[in-house]
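This report concerns only the one structure given below.
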Amino acid sequence: MVAFLAGWAVEAGKAADDGRPMAGDLLSDGRYGVLVPGTPVLISYSRYPGMREFRVTDVVRFDG
């Protein structure tokens, strides 16, 4: 999970710098949701453009 988050942060930062859309789906509360490929895990995050930061707000593992 840590390796995924590290790689995702680099790619998301590049997308933000280039003005490309953010990874994942925009949620109703303004956060974004990303499914971790090959896992039952959803990560929610907020973007803070003026601070050049992303904050992971939730990591949810689904049982199924």
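Can you tell me which residue in segment 1-15 is farthest from residue 54 (Cα to Cα), limited to those that are in a helix (DSSP H, G or I), in contact (Cβ under 8 Å) with a residue 40 or more places away in the chain and open to solvent by 40 Å² or more (accessible area, probe 1.4 Å)?
Narrowing segment 1-15 to residues in a helix (DSSP H, G or I): 2-15.
Filter once more, so that each one left must be in contact (Cβ under 8 Å) with a residue 40 or more places away in the chain: 5, 9, 12-13.
Subsequent filtering for residues that are open to solvent by 40 Å² or more (accessible area, probe 1.4 Å) retains 5, 9.
Values: 5: 11, 9: 8 Å.
By that ranking, first place goes to 5.
Is there a residue in segment 17-31 that is assigned to a helix (DSSP H, G or I) and free of Cβ contacts under 8 Å to residues at least 60 places away in the same chain? Within segment 17-31 (the criterion being assigned to a helix (DSSP H, G or I) and free of Cβ contacts under 8 Å to residues at least 60 places away in the same chain), the answer is yes, since at least one residue qualifies. Residues that are over 10 Å from the mean Cα position of the chain (by Cα), among the small types (Gly, Ala, Ser) and surrounded by 13 or more Cβ atoms within 10 Å (Cβ to Cβ) within segment 16-49 comprise just one, 16. A count restricted to segment 32-64 and to residues that are more than 21 Å from residue 10 (Cβ to Cβ), part of a loop (DSSP other than H, G, I, E, B) and modelled with pLDDT of 90 or more stands at 2. Return the total of residues in segment 50-64 being open to solvent by less than 60 Å² (accessible area, probe 1.4 Å) and free of Cβ contacts under 8 Å to residues at least 12 places away in the same chain. Going through segment 50-64 one residue at a time, the tally reaches 0.
The values are calculated or read from the model by the stated rules, or taken from the named source; none is laboratory data. Just so you know, these numbers come straight off a predicted model, no measurement behind them. Don't worry about glycine lacking a Cβ; one is built from the backbone with ideal geometry, like all the others, and counts go over all protein chains shown. To get the accessible areas, we keep the full protein, side chains included, count just its heavy atoms, and leave off ligands, DNA and RNA. Shrake-Rupley method; radii C 1.70, N 1.55, O 1.52, S 1.80 Å.
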